[in-house]
There are 2 protein chains.
Amino acid sequence: MLTIGTLAKRTGTKVQTIRYYETIGLMPEPERTEGGQRRYGQAELDRLSFVRHGRQLGFSLEAIRDLLDLADNPAQSCADADSIARQQLKQVEDRIDRLVALRLELKRMISECGHDSVAQCRVLEVLRDHAECLTDHNSIGG
Amino acid sequence: MLTIGTLAKRTGTKVQTIRYYETIGLMPEPERTEGGQRRYGQAELDRLSFVRHGRQLGFSLEAIRDLLDLADNPAQSCADADSIARQQLKQVEDRIDRLVALRLELKRMISECGHDSVAQCRVLEVLRDHAECLTDHNSIGG
DNA sequence: GATAATCCCTCCAGTCCCTGTAGGTTCAAG
DNA sequence: CTTGAACCTACAGGGACTGGAGGGATTATC
């Protein structure tokens, strides 16, 4: 029987976040001690690990909820899970592309800077000048 | 003289977002027509492009504000801008690493799935089983 | 068995970065 | 001059947490 703090540490989650997951129905209401404190078992540890891992991988809580629903009703086909994964893969590749472009830009900014002299600092120009060519009207993320 | 809608289109921003940037002081209060509608010029287009580009590249509004402050006071050294860029680069590389790991995971999930049969669908197991090894107690981002 | 440190509880407000809606006004085209 | 799109303000909501106040429970130590 794990306390909420232990569960938090084991999964790299904040205690409040676990309680938040409970309020939105992503985590079940756990057992309580006589004093009213939450106690968790292996099932909850697994489930929270799943959630956290999904979040770290960029899934929205909504997508994670869908996957958990699939897990809770294993009699269904995995086509749904597959399509969720495919959708996610696209977004992930998009993000990687943009971040790689950013990395390049930042490296160039840093290499062109570092002279401690305004005349040679092009950080701001770089960011401004490339604004239009890179505007792709996509959502920024979040 | 550009309307807010035109500015929005040119920069891939929503109209409300531009007004929001104004309320938080990231964009200046623009000229108005007699009727009270906002009209923008090249300076605002540049500034907003800068902001959006920064956002697309993963900068927080706070970091962007810092950079804009530097741009507004060009008499300072660029050491500050440089350190902002360096900090950002680290975060970007972190995110890339995590996303690349995710991509791999997702690809494996998809390749192992697609059989439309529960017995062979390992999506959920993959996500759960790898939860602990990848827990790194880092912030998830945002 | 008392005490102190640490953890836990609820409730609620705040953060970040927008996004959407309601109800009304202005502008440009035909 | 009328229509319809675009604009205005003001405010609520959303996603995913995060932090704090004020108080109770548990555990380790003396």
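Annotations for the structure displayed:
- Residue order for B:D82, A:D97 - accessible surface, 1.4 angstrom probe, largest first: A:D97, B:D82
- Comment: the Cα-to-Cβ extended label point of A:V100, at 7 Å, lies 1.0 nm from its counterparts in the other copies, nearest first.
- Total accessible area lost when A and B pair, probe 1.4 Å, Å² to nearest 100: 5500
- Coupling constants for the stretch B:37-49 follow from the phi torsions by the Karplus curve (6.51 cos²θ - 1.76 cosθ + 1.60, θ = phi - 60°), and in residue order they are 7, 6, 10, 10, x, 4, 4, 5, 4, 4, 5, 5, 4 Hz; glycine and proline get x.
- For B:M27, the residues 5 or more places off, or on other chains, whose built amide H falls under 5 Å of its own are B:E22.
- With q set to 0.21, 0.22, 0.24, 0.28 Å⁻¹, the log10 of I(q)/I(0) for the stretch A:4-72, from the Debye formula over equal scatterers at the Cα positions, is -0.88, -0.96, -1.13, -1.49.
- Peptides B:2-12, B:21-31 ordered by packing proxy, namely the average of other Cβ atoms within 10 Å per residue, highest first: B:2-12, B:21-31.
- With a Förster radius of 30 Å applied to the beta-carbon distance between A:R108 and B:A43, the computed FRET efficiency rounds to 0.75.
- With DNA, RNA and ligands ignored, accessible area of B:R32 (1.4 Å probe; Å², nearest 10): 120
- Gain on full extension, evaluated as 0.36 nm per residue between A:K90 and A:R32 minus their Cα-Cα distance, stands at 16.7 nm.
The values are calculated or read from the model by the stated rules, or taken from the named source; none is laboratory data. Remember, predicted model here, so these are calculated numbers, not experimental data. Every residue, glycine as well, gets a Cβ built from its backbone with ideal geometry; the counts of neighbours run over all protein chains shown. Areas reflect the complete protein model, heavy atoms only, side chains present, ligands, DNA and RNA absent. Shrake-Rupley method; radii C 1.70, N 1.55, O 1.52, S 1.80 Å.
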